[in-house]
Structure formats: C-alpha cells, structure tokens
Amino acid sequence: MMSIRVYNTMSRAKEDLVPRDEGRISMYVCGPTVYNYIHIGNARTFLNFDMVRRYLEFSGYDVTFVQNITDVDDKIIIRANEEGSTAEEVATRYREAFEEDMASLGVKPPDIAPRATEHIAEMVEVIQELLEKGYAYVSYGDVYFDVSSFEGYAKLSGRELDEQQVTVQFSAEVDRKDDPWDFALWKEAKPGEPSWDSPWGPGRPGWHIECSTMSMKYLGPGFDVHGGGLDLVFPHHENEIAQAEAHSESRFVRYWMHSGMLNIDQEKMSKSLGNIKTLREVLADFDADTIRMLMLGTHYRSPLSFSDDSLSEAHASLERVRNCLFNLDDLAGRLCGGDDDAVPGKRDDALVQFLKEADLEFRESMDDDFNSAAALGVLFGAVREINTYVDRVAATEVPSAAAADVLATARRFLEEHCGALGLFQAPASSGAAEGAAGAPDVGGLVDLLERSGVEVTAPGEKTADELVELLLEARQAARAAKDFALADGIRDGLADLGVKVEDVKGGFRWRFER
Ligand code: AMP
Ligand code: ZN
C-alpha cells in the first residue's frame, strides 16, 4: 500500500498516514447541530470528508466512519421556543432533513451515527471522572472544565488565551466560572428546558463533551482521523482534546484534518452573518454531481469562493465526463451489435497503457493530502484520450473485437476513479433539475409530434422513448426531403424538452439531459 500523506493541523505539516491498526482507519467527523437545513458551506465540509473516506477505501483501507448528531443544544431549544414545538420535534425534523440531504448528495452514510441524547449516561460518567481527577469543578448546577489544569491546552490552535476576547464570547457564563476560558461540561437546566438527571442536578451536557465521549466510545483512544471544518479548531476541537486526554491520559487523535471554509463575497458563509444559501436551494438548480464537482475542484483545505458562475463551470466540467461515458457506451453498444465482432485484430494497447499511467498519477495526487483538484486534472486528461480513441474507432480504424476490450477498460477506469472521488454516486433523481422520472415529458413530446404534423396512432399509449424515436425518424425524413425548417424545428423542440440529439457517423443518438 502506497503511503498517503495527510496535513495534520496538530503538527502543521504533512505526515505519512500510519494508522493505529494496520490496514484500518478509524475516523470521526463532527456532525451537524440539527436546528435548521444545512447550507452549502456545511455541505462542502461533509462532501470533503466523504471524498477522504472514499479515497481511503479506494486505496484498500477498511474505514470505520463515525459522525455524531448534536440533537440537544441551545440553538435547538431557541428554535423550538420560537415555533412553539419541542426541542425533540425540531431535532428529529432536521436530523431527518440532514440524512435526506446527505443521501441526495451521494454522501455515504456513516457506519455509526450516534446521537447526543442517546449517550447522556456515558457523558455523565466521563464528567464525573474528570471531577474526580481534579480537571473540573461544580459551580451552581453547572460543571466546568478547568483549563489551567490541563497542560497543553490550545496546542491544536496555538491560540493565545487573550482575556479580552473571551468576555465578549462567553459573557453569559462568566460569573459562574473560575477562569473565562473554562468551558461547560454540564449545564444546569432552566425551567422548561429538556433535561436529564445527574449528580449535579437536572441539566444537559455541553457540546464539546458529546464529541469526546462518543468518539472515544466507538473508536477507542488514539483513533486515526478526526475531522471538521476549520472553524471548529477553536474552541471545539481544543476542548475535545482537553477532555479526552485528561480522561484517558493518552493521545486522543493521531491526525487532525480540517476542511477549508466556503466563502461568499469574501466572507465565510454562516447563519450568523445571514449570507447562507441552503443546500436545498442549490439542489433546485444544479444536480448533486455538479455540486460535488465544484467542491473537488478546490483542495479541501483551501478556501472556496462560491458563486453561481463557479457552479456553471463545474457543470460544464461534469458534462465532459458524462459525454465521454455516454460516447463510450454508445460506441460499445454498436460494436457489440455488429457482425464484425469476431474480426481478429491486434489489440490496440496505447490507450490501455495511457490509463495505467493515469491511474498512478491520480493516486499520486490523491496520496498527496487528497489533492482532488490535481486528480481531476488527471481524469480530464484521460477523458481527452478516451474521446480521441472513441472517434478513431467510430471511423473504424481499429477492429472492433479489440476495441470493445479497450472500451471496457476505459469505462472501468472512469467508473473507478470517479467513484474514488464520490462522483456519480448520487441517486439519479437527485436535484429538482432532473425530471421526476428522469425521462422527457410525454405530454410535451405528443404536442411536438402534433405541431410537426406527424401522424401517430394512440400516442398516449407510447413511452417517452418511443415518442422520441418517432420524432427523430420524422426529423430524418424531413432532412431527406430537404425540409430543413421542419427538421430543425423538431430538433429545437426536443432540446426544449431536455432531449439532446447528436449526429454521429451513420445516424444519430440521443439522451435525456436535465
Ligand atoms: P455546524 O452545524 O455549524 O456545527 O456545522 C457543521 C459543519 O459544517 C462543521 O464541520 C463546520 O465546521 C462546517 N461549516 C460551517 N460553515 C462552513 C463554511 N462556510 N464552509 C465550510 N464548512 C463549514
Ligand atoms: Zn465535534
């Protein structure tokens, strides 16, 4: 297995990825706080870690992926109070929405998706031990972590603990804390809030303790990769480290990975700035693979400037790959159907050789801290070569039995390498831009037949595919009769219905594209 190099936020350097257990990667990525639909910035982080996970699997690792759901939090309670429902109702609704969103993006579901509310007893246990060991103290009904007791606090962020900043940040809790940088492990319940019994009275856990407790529970101490957005480094991950290492007295995580922020107009997209675009809004106009292509085009640690133009560009790139796959399949179908299938011929190895080298280059790029942008460059290089080959075979330069073999290799190459990045894994119906059934609208096709003066018996009983074929026959007939106005009219009418027609040697082919 080639070594993968990973940028570790802790050492601020790229390191060889050496897992705790050979051949296996244990990975924890902070999940959402479920009080709202996720925005496209959140989606970037989840897509980035899906890419990391998929590439690790592609490289032969057995990956265990854990992602929590924060289903108890101030924001959830505030939201529930605003709408007059319960925190549980709010959390369930947005957890389900999150799961749907991830599915429509083709993000692999986690192996384990622990919910905070189902792990309160474990959190209470960890807090109790921290108290016993002298790392925490009780104040009123709250429990706080004593930051001064943990040597190495702020080692991940390298943050100077500046007093001024903190008063602004945590003013509400300041009176109850010994030191402004101390953070809550347990919060006393206010009247009407969801709460659980504890040795310190009814209350709920703090956000940070959830992740320490659940990641240690499912992955054990010293697990391999802990991920999240760059904005979680401080204080969330810093606090996770303090709690977990104070508790286990050993290293918490081997590699800290952080995804860069998605920005809009040079500013981080965030709910508090009010500049968000929900994933659902974007999915109404662009399909899931276009969104993924956009994210893959920028290294996961770099900032990404989001705009509709950048999405359109990503869509054009994606179409190049889709067209290549389409052309491959189309040609392969025609070759298999032909009588000359058995024609003996010297195997044309040039493309096969090219793809072998492309595979190595692809892996080199991805092994270098998951450089998906460079890997895409390799993929597009392969697409160009495959297109050239397809054109050559279409002009029948290569005997088809040999060509069929090469085409199959090319298809496998595209499938596997796109799959390693998570492309084309989303369900076909994702994105409102895709027709509900993924096929042209039958009513529109019948109208077009009528407008074009084509007589069809019982058009209502025909499938969309049959109607498109009839229209294309009519277009061919119009061309043969030199009625170009009609031929072009049919072609444009089909385009309006999302049917893309391409002229190829010896005929035409079509596909539905919307
Ligand atoms: P939250 O629900 O706010 O905790 O966010 C869920 C995940 O999205 C976390 O890993 C955040 O770091 C990440 N995130 C939040 N805003 C952005 C952004 N603008 N760009 C990229 N990731 C983000
Ligand atoms: Zn976390």
With every protein chain in place, the chain: carbon and sulfur % of accessible area (1.4 Å): 49
Could you work out how far apart the two model spin labels at ARG12 and THR388 are, taking each label as a point 7 Å from the Cα in the direction of the beta carbon, and quote it in nm? 4.5
Taking only protein heavy atoms into account and a 1.4 Å probe, give the accessible area per residue of the chain in Å². 45
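What number comes out for the charge environment of GLY489, summing +1 per Lys or Arg and -1 per Asp or Glu over other residues with Cβ under 10 Å away? Could the numbers behind the result be given before it?
Details: positive: ARG451, ARG475, ARG491; negative: ASP483, ASP488, ASP492.
With Lys, Arg at +1 and Asp, Glu at -1, the net is 0.
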Could you please report the charge total around LEU318, scoring K, R as +1 and D, E as -1 over all other residues with beta-carbon less than 12 angstrom from its beta-carbon? -2
Rounded to the nearest 10 degrees, the helix 442-451 long axis (Cα) sits at an angle to the longest Cα principal axis of the chain of 30
ARG251's amide H: which non-local residues (gap 5+, or another chain) put their own amide H closer than 5 Å, with H modeled 1.01 Å from N in plane and none for Pro or chain starts? none
Across segment 9-16, in residue order, what do the Karplus-derived ³J(HN,Hα) couplings come to in whole Hz, using 6.51 cos²θ - 1.76 cosθ + 1.60 with θ = phi - 60° and x for Gly and Pro? 4, 5, 9, 6, 8, 7, 10, 5
Can you give me the long-range amide H partners of SER139? Hydrogens built in the peptide plane at 1.01 Å from N, cutoff under 5 Å, separation of 5 or more residues or another chain. TYR144
Cβ-derived FRET efficiency at R0 35 Å, SER312 paired with ARG251, nearest 0.05: 0.20
Please determine, in degrees from 0 to 90 and to the nearest 10, the orientation of helix 372-394 with respect to the longest principal axis defined by the Cα atoms of the chain, where the helix direction is its Cα long axis. 10
Show which aspartates and glutamates lie in cross-link reach of LYS356 when reach means a straight Cα distance below 12 angstrom and same-chain residues fewer than eight apart are skipped. none
Check the straight Cα-Cα distances from LYS271 and name the lysines below 23 Å, setting aside those fewer than 8 residues away within the same chain. LYS75
Taking a straight Cα-to-Cα line shorter than 17 Å from LYS277, and setting aside same-chain lysines fewer than 8 residues away, one finds LYS268
What shape does the chain take by its C-alpha gyration tensor, where a ≥ b ≥ c are the square roots of the eigenvalues and a/c under 1.5 counts as rounded, a/b above b/c as prolate, and the rest as oblate? prolate
So, relative contact order of segment 358-407 in percent, Cα under 8 Å, 6 or more apart, is 24
Need one word for segment 25-260: rounded, prolate or oblate. Basis is the Cα gyration tensor (sqrt eigenvalues a ≥ b ≥ c); a/c below 1.5 gives rounded, then a/b vs b/c decides. oblate
For THR298, the residues 5 or more places away or on another chain with a placed amide H closer than 5 Å to its own amide H are none
Nearest 10 degrees, 0 to 90: what angle lies between the long axis of helix 238-248 and the longest principal axis of the chain (Cα atoms)? 70
Using alpha-carbon pairs under 8 Å, 6+ residues apart, how would you state the relative contact order of the chain in percent? 16
What distance in nm lies between label points placed 7 Å from Cα along the C-beta direction at GLU118 and ALA480? 6.4
Can you tell me the relative contact order of segment 25-260? Whole percent, Cα pairs under 8 Å, sequence separation 6 or more. 23
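Which shape class applies to segment 251-296: rounded if a/c is under 1.5, otherwise prolate when a/b exceeds b/c and oblate if not, where a ≥ b ≥ c are the square roots of the Cα gyration tensor eigenvalues? Write out the running numbers ahead of the final one.
Values: a/c = 2.54, a/b = 1.47, b/c = 1.73.
Oblate.
The values are calculated or read from the model by the stated rules, or taken from the named source; none is laboratory data. These numbers were taken from a predicted model, which means no experiment stands behind them. Note that we place each Cβ from the backbone using ideal geometry, even for glycine, and neighbour counts take in every protein chain shown. These accessible areas exclude ligands, DNA and RNA; they are computed on the full protein's heavy atoms, side chains included. Shrake-Rupley method; radii C 1.70, N 1.55, O 1.52, S 1.80 Å.
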